[in-house]
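Enquirer: My questions all concern the structure below.
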Amino acid sequence: MTRQAVQTTSAPAAIGAYSQAIVAGDLVFCSGQVGLDPATGELVEGGVEAQAERALRNLAAVLDAAAVGFADVVKTTIFLADVNDFAAVNGVYSRYMPDPPPARSTVGVGALPRGARVEIEAIARRS
(Lines give C-alpha, C1' and ligand atoms only; values in the text may rest on other atoms or scores of the structure.)
Protein backbone atom coordinates (compact mmCIF):
# COMPACT_ATOMS: atom_id res chain seq x y z
CA MET A 1 0.00 0.00 0.00
CA THR A 2 1.34 3.42 -0.88
CA ARG A 3 1.28 6.35 1.48
CA GLN A 4 0.78 9.95 0.43
CA ALA A 5 1.54 12.92 2.66
CA VAL A 6 -1.03 15.69 3.00
CA GLN A 7 0.08 19.23 3.70
CA THR A 8 -1.67 22.59 3.83
CA THR A 9 -0.58 26.07 4.85
CA SER A 10 -4.10 26.58 6.28
CA ALA A 11 -3.03 24.58 9.34
CA PRO A 12 0.15 24.90 11.40
CA ALA A 13 3.23 23.29 9.92
CA ALA A 14 4.41 20.13 11.63
CA ILE A 15 6.63 20.94 14.61
CA GLY A 16 8.39 17.57 14.50
CA ALA A 17 9.16 14.63 12.24
CA TYR A 18 5.61 13.91 11.09
CA SER A 19 3.11 14.77 8.36
CA GLN A 20 -0.09 16.74 8.89
CA ALA A 21 -1.86 13.68 7.50
CA ILE A 22 -1.16 10.51 5.57
CA VAL A 23 -3.48 8.97 2.99
CA ALA A 24 -3.23 5.19 2.87
CA GLY A 25 -5.73 3.50 0.59
CA ASP A 26 -9.14 4.99 1.37
CA LEU A 27 -8.14 6.13 4.87
CA VAL A 28 -6.81 9.52 5.96
CA PHE A 29 -4.81 9.54 9.21
CA CYS A 30 -4.61 13.09 10.57
CA SER A 31 -1.96 14.02 13.09
CA GLY A 32 -3.11 15.74 16.24
CA GLN A 33 -3.88 19.43 16.00
CA VAL A 34 -3.52 21.90 18.84
CA GLY A 35 -4.77 25.46 19.06
CA LEU A 36 -1.91 27.05 17.14
CA ASP A 37 -2.76 29.93 14.84
CA PRO A 38 -1.28 28.91 11.46
CA ALA A 39 -0.45 32.55 10.64
CA THR A 40 1.56 33.23 13.80
CA GLY A 41 2.54 29.79 15.07
CA GLU A 42 1.36 30.82 18.53
CA LEU A 43 -1.30 29.29 20.76
CA VAL A 44 -4.55 31.23 20.57
CA GLU A 45 -5.63 33.12 23.66
CA GLY A 46 -8.95 32.61 25.39
CA GLY A 47 -8.56 29.34 27.24
CA VAL A 48 -9.37 25.76 26.42
CA GLU A 49 -12.53 26.53 24.40
CA ALA A 50 -10.61 28.88 22.09
CA GLN A 51 -7.85 26.29 21.74
CA ALA A 52 -10.37 23.55 20.94
CA GLU A 53 -12.04 25.78 18.34
CA ARG A 54 -8.68 26.55 16.68
CA ALA A 55 -7.61 22.89 16.82
CA LEU A 56 -10.83 21.85 15.07
CA ARG A 57 -10.42 24.57 12.45
CA ASN A 58 -6.86 23.34 11.86
CA LEU A 59 -8.11 19.77 11.62
CA ALA A 60 -10.80 20.87 9.13
CA ALA A 61 -8.10 22.45 6.96
CA VAL A 62 -6.06 19.24 6.94
CA LEU A 63 -9.14 17.16 6.15
CA ASP A 64 -10.02 19.56 3.33
CA ALA A 65 -6.51 19.24 1.90
CA ALA A 66 -7.10 15.47 1.80
CA ALA A 67 -10.46 15.98 0.01
CA VAL A 68 -12.55 14.84 3.00
CA GLY A 69 -14.46 16.58 5.77
CA PHE A 70 -15.89 16.00 9.23
CA ALA A 71 -18.73 13.94 7.71
CA ASP A 72 -16.05 11.43 6.62
CA VAL A 73 -14.38 11.14 10.03
CA VAL A 74 -14.84 7.72 11.62
CA LYS A 75 -12.64 8.06 14.74
CA THR A 76 -11.19 10.88 16.78
CA THR A 77 -8.95 11.04 19.80
CA ILE A 78 -8.92 14.03 22.11
CA PHE A 79 -5.99 14.59 24.46
CA LEU A 80 -6.59 16.89 27.43
CA ALA A 81 -3.93 18.35 29.69
CA ASP A 82 -6.68 18.63 32.33
CA VAL A 83 -9.60 16.19 32.25
CA ASN A 84 -11.68 18.83 34.03
CA ASP A 85 -11.82 20.57 30.62
CA PHE A 86 -13.86 17.67 29.18
CA ALA A 87 -17.25 19.44 29.21
CA ALA A 88 -15.90 22.67 27.72
CA VAL A 89 -14.06 20.86 24.91
CA ASN A 90 -17.02 18.56 24.29
CA GLY A 91 -19.27 21.59 23.81
CA VAL A 92 -17.00 22.99 21.07
CA TYR A 93 -16.37 19.56 19.52
CA SER A 94 -20.09 18.78 19.24
CA ARG A 95 -20.62 21.85 17.01
CA TYR A 96 -18.23 20.42 14.41
CA MET A 97 -19.26 16.77 14.30
CA PRO A 98 -22.22 15.64 12.21
CA ASP A 99 -24.82 13.13 13.32
CA PRO A 100 -23.96 10.38 13.98
CA PRO A 101 -20.69 11.58 15.51
CA PRO A 102 -17.56 9.49 14.98
CA ALA A 103 -16.23 7.02 17.51
CA ARG A 104 -14.04 8.85 20.00
CA SER A 105 -11.57 8.40 22.83
CA THR A 106 -10.67 11.16 25.26
CA VAL A 107 -7.44 10.80 27.19
CA GLY A 108 -6.01 12.84 30.05
CA VAL A 109 -2.28 13.47 29.58
CA GLY A 110 0.48 15.04 31.66
CA ALA A 111 1.36 17.71 29.09
CA LEU A 112 0.89 18.63 25.42
CA PRO A 113 3.26 20.30 22.93
CA ARG A 114 3.76 24.06 23.24
CA GLY A 115 1.76 24.15 26.47
CA ALA A 116 -1.52 23.39 24.69
CA ARG A 117 -4.50 22.30 26.76
CA VAL A 118 -6.16 20.17 24.04
CA GLU A 119 -5.05 18.17 21.00
CA ILE A 120 -7.39 16.44 18.54
CA GLU A 121 -6.54 13.81 15.92
CA ALA A 122 -8.79 12.03 13.43
CA ILE A 123 -9.11 9.16 11.01
CA ALA A 124 -11.36 9.68 8.00
CA ARG A 125 -12.51 7.49 5.14
CA ARG A 126 -12.50 8.64 1.54
CA SER A 127 -15.57 7.71 -0.45
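The values are calculated or read from the model by the stated rules, or taken from the named source; none is laboratory data. As the structure is a computational prediction, the values presented were derived from the model and not from experiment. Glycine also receives a Cβ, built like all others from the backbone with ideal geometry; neighbour counts cover every protein chain displayed. Ligands, DNA and RNA are excluded from the accessible area calculation, which covers all protein heavy atoms including side chains. Shrake-Rupley method; radii C 1.70, N 1.55, O 1.52, S 1.80 Å.
Enquirer: Based on the alpha carbons, how large is the Rg to Rh ratio for segment 1-71 when Rh follows Kirkwood?
Expert: Rg/Rh for segment 1-71 comes to 0.99.
Enquirer: Each residue of segment 5-14 in turn: what ³J(HN,Hα) in whole Hz from Karplus with 6.51, -1.76, 1.60 and θ = phi - 60°, glycine and Pro shown as x?
Expert: 6, 10, 9, 9, 7, 7, 10, x, 5, 4
Enquirer: Shifting gears a bit: Take the Cα gyration tensor of segment 45-94, multiply each eigenvalue by 5, square-root it, and list the three semi-axes largest first, rounded to whole angstrom.
Expert: On the way: eigenvalues 92, 30, 14 Å².
Over the Cα atoms of segment 45-94, the ellipsoid semi-axes are 21, 12, 8 Å.
Enquirer: Lys/Arg Cβ at +1, Asp/Glu Cβ at -1, dipole of the chain taken about the Cα centre: which of Met1, Ala103, Asn90 is farthest positive-ward?
Expert: It is Met1, whose Cα lies furthest towards the positive end.
Enquirer: Further question on the same structure: Over its Cα atoms, what ratio of radius of gyration to 2.2 N^0.38 Å does the chain give?
Expert: 0.98
Enquirer: So, for segment 25-127, what is the accessible surface per residue at a probe of 1.4 Å, expressed in square angstrom?
Expert: Numbers: 4900 Å² over 103 residues.
Value for segment 25-127: 48 Å² per residue.
Enquirer: Cα axis of helix 47-65 to longest principal axis of the chain: angle in degrees, 0 to 90, nearest 10?
Expert: It is inclined by approximately 10 degrees.
Enquirer: Using Stokes-Einstein with the Kirkwood hydrodynamic radius over Cα pairs, what translational diffusion coefficient do you get for segment 78-127 at 20 °C and a viscosity of 1.002 mPa s, in µm²/s rounded to a whole number?
Expert: After rounding, the answer is 179 µm²/s.
Enquirer: About the Cα centre of the chain, how large is the charge dipole given +1 on each Lys and Arg Cβ and -1 on each Asp and Glu Cβ? Please answer in debye to the nearest 20.
Expert: Here the chain has a charge dipole of around 340 debye.
Enquirer: Carbon and sulfur together cover what percent of the accessible area of the chain at a 1.4 Å probe radius?
Expert: Carbon and sulfur together cover 50 percent of it.
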